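See structure below.
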Amino acid sequence: MIAPALLLALASPAASPPAHAAPGTAPTPEALMRADDEAVRRGFTKTRKTIPLAFQGDFRRTAAECGQSTETALAIGPAAIQLPGKDGDVQEVRVEGPRKIVVTSIYEGGGEVWEKSETLLLGREGKSVAFQLETGPYTRVRCP
């Protein structure tokens, strides 16, 4: 004999998605970032789809340039890296340490599209970020 609760469960309509989940929409970069943070915190993975919060922000060559549109402007978001004349969509982020990540992005600018992997280093107090290039670091300071 089948238990009455099981019969009731089988007869009821399928469960609907939670009210906060819109059908057919992609998760926001912020939602992906929270999921990435949790997976790394639990030790499940060192590979993410988003850039950790500590690396995100607006950066310039000097603090005096902050708030200005300059050729050295750098904006790092959860899923994008923006430089004057080129925008990068983050594809993968490999966490190599608390202050070191390797970001693979697809960039577009000047009528061209290309993929590039870059090592980003975070300053000790989080006030600067540097791209580790073959020619040396490309360091920028965080704007308030």
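Rule-based calculations on the coordinates, nothing more; no lab input. Since we're looking at a predicted model, the values are computed, not measured. Every residue, glycine as well, gets a Cβ built from its backbone with ideal geometry; the counts of neighbours run over all protein chains shown.
At most 14 other Cβ atoms within 10 Å and a DSSP loop assignment: could you name the GluC sites (Glu not before Pro) in the range 98-144 that fit? Here the sparse-neighbourhood loop sites are GLU125, GLU134.
Charged neighbours of LEU120, selected by a Cβ distance under 11 Å, balance to +2 (K, R count +1; D, E count -1). How about the range 84-127: which trypsin sites (Lys or Arg not before Pro) there lie in a loop by DSSP and see at most 16 other Cβ atoms within 10 Å? Loop-located and lightly packed - ARG99, ARG124, LYS127.
Sorted largest first, the spans of the alpha carbon positions of the range 37-80 along the three principal axes are 41, 16, 12 Å. Distance between the pseudo-spin-label points of GLN68 and THR25 (7 Å out from Cα toward the beta carbon): 4.0 nm. Whole-percent P(r), the range 28-142, all Cα pairs, 10 Å bins from 0: 14, 46, 33, 7, 0.
Charge tally around THR47: other residues with Cβ under 12 Å, Lys/Arg +1 each, Asp/Glu -1 each, net +1.
When the expected Rg is taken as 2.2 N^0.38 Å, what fraction or multiple of it is the alpha-carbon Rg of the range 79-144? All intermediate terms of the calculation are to be shown ahead of the outcome.
Values: Rg = 12.3 Å, N = 66, 2.2 N^0.38 = 10.8 Å.
It is 1.14.
Give me the net charge of THR62's neighbourhood, meaning all other residues with Cβ under 12 Å from the Cβ of THR62; Lys, Arg count +1, Asp, Glu -1. Here the charged neighbours net out to +3.
Under a model in which nothing but the beta-carbon of Lys, Arg (+1) and Asp, Glu (-1) is charged, the range 17-144 shows a dipole of about 580 debye around its Cα centre.
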